[in-house]
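Read through the structure below, which is laid out as structure tokens, and then see the notes.
No lab work stands behind these numbers, since they all come straight from the coordinates. Note that this is a predicted model, so its numbers are computed, not measured. Quick reminder, even Gly has a Cβ in these numbers, built from the backbone with ideal geometry, and neighbours come from all protein chains shown.
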Amino acid sequence: MSLISLLVTLIIVGVLLWLVNTYIPMDAKIKQILNVVVVICVVVWLLSAFGVLGHAHDLRVPQMR
């Protein structure tokens, strides 16, 4: 994925989030939850796009008995 497509996607997500926050009447708590969910999704998407989460399935977690 090219850097320009990453930037365009981030700009589109930011503008859509701004439009929702500005023009859709919601309770402040719901807006805060929506903002946090969108930011977490974007961060996870960016980490996977840059390959940081690409090898997460290789991690082994020991089993507790």
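Numbers for the structure displayed
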{"read-out": "Residues located in segment 35-49, provided they are more than 8 Å from the chain's Cα centre (by Cα), farther than 14 Å from M1 by Cβ and surrounded by 13 or more Cβ atoms within 10 Å (Cβ to Cβ)", "value": "N35"}
{"read-out": "Per-region count, segment 28-52, residues outside any helix (DSSP H, G or I) and under 13 Å from G14 (Cβ atoms)", "value": "0"}
